[in-house]
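The values are calculated or read from the model by the stated rules, or taken from the named source; none is laboratory data. Only a predicted model underlies this, so the values are computations on that prediction, with no experimental measurement involved. Neighbour counts run over all protein chains shown; Cβ positions are idealised from the backbone, glycine included. Each accessible area value is taken on the protein alone, full model and side chains, heavy atoms only, with ligands, DNA and RNA left out. Shrake-Rupley method; radii C 1.70, N 1.55, O 1.52, S 1.80 Å.
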Amino acid sequence: VAVGRPPQDGRDGELIYHFDQSGIGVPTVDKEGKAYFRELNLFVPVERGQLLVTRVPATEGVPGVTVTGQERRQRKGREVPLPRSTNAVADEHKTTLHAACDGMVELVGGVVQVSGVYTVKGDVNMGIGNIDFNGSVVVNGSVMAGMTVQATGDLTVGGGAEGCTLEAGGNIKIARGMQGMDRGVIRAGGSVTAQFVERASVSAGEDIKVDMLVHSTAEAGRNLLAAGKRGSIVGGLARADKLVVARTVGTEAAIRTEVEVGLQPVRRKRILFLEKEQAGLAAEYEKLATLHGYLEK
């Protein structure tokens, strides 16, 4: 009996996305089922060189044969091109797409977008949650009490900050200032610029530039400049490696105000730590010397 062979159609190409946006806006839940409503996962973090999309090529398929030996053509698979992208790089064969910078990735209208800047259009509050971004962060509004904003790049706050924690690997700029409520923290690898800092702790690897520093602890790796319209340092502690500039230091009410210049705060802390270690080792040495004497006898 004559037997034919049906054709095998080719398989269409497809795109495999290696990032998931389904969890955006959903609170983080730990193994015990506890939800953290300050951690809302509002973006998908990405690192430079990370694989974002893989394109699986279409296949040709296999032709068939009729009972009389004639070829039956198969349907070839349809190719799917890589999606359009921003700040992403495709390989020479157009089969993979990688991130060109650190930051966040999102799929908008079929376009893969990678951005090194995360922008918050309003305030950072419980509706936004804490932010920990591998890049720069821009907050158009203010940062409310109890919130934390961390960035490996620069951090810019268009409004003010209240009793929150602001950390950046680069510069931090606060348009209005920080009302720390005795729990506010500002830490920058670069410089810190603000109109005022009150009842907070602020440290910078380079300069601190404020108009008023009130009842706060400020440590600058280079200069501390309170040279604005008021230019005052009232209460607390002001430290700088090279220079402290202010129009007014302290008040007539005899509020204790300390100013230290000449040693980087990080080095000062290290020296104090080593001095304590040295004292402890000296005491241990005396004990061992005494024990050695007993053993000799």
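At a glance:
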read-out	value
Some residue of segment 244-257 being hydroxyl-bearing (S, T, Y) and not in a strand (DSSP E or B)	yes
Count of residues meeting criterion [assigned to a strand (DSSP E or B), open to solvent by 30 Å² or more (accessible area, probe 1.4 Å), within 19 Å of G205 (Cβ to Cβ) and β-branched (V, I, T)] in segment 146-159	1
Test: residue in segment 103-121 that is open to solvent by less than 40 Å² (accessible area, probe 1.4 Å), free of Cβ contacts under 8 Å to residues at least 60 places away in the same chain, in contact with a Pro (Cβ under 7 Å, 6 or more places away or on another chain) and not in a loop (DSSP other than H, G, I, E, B)	yes
Residues within segment 122-133 that are closer than 16 Å to L166 by Cβ, open to solvent by 50 Å² or more (accessible area, probe 1.4 Å) and not in a strand (DSSP E or B), tallied	2
Strands (runs of 3 or more DSSP E) contained in segment 160-220 and holding at least 1 residues open to solvent by less than 10 Å² (accessible area, probe 1.4 Å), under 16 Å from V259 (Cα atoms) and without any contact (Cβ under 8 Å) to a residue 40 or more places away in the chain	192-204, 212-220
Residue check, L263 surrounded by 16 or more Cβ atoms within 10 Å (Cβ to Cβ), within 30 Å of N171 (Cα to Cα) and not charged (D, E, K, R)	no
Residue that is nearest to S115 (Cα to Cα), among those in segment 1-59 that are of a type in the set (S, T, Y) and in a loop (DSSP other than H, G, I, E, B)	S22
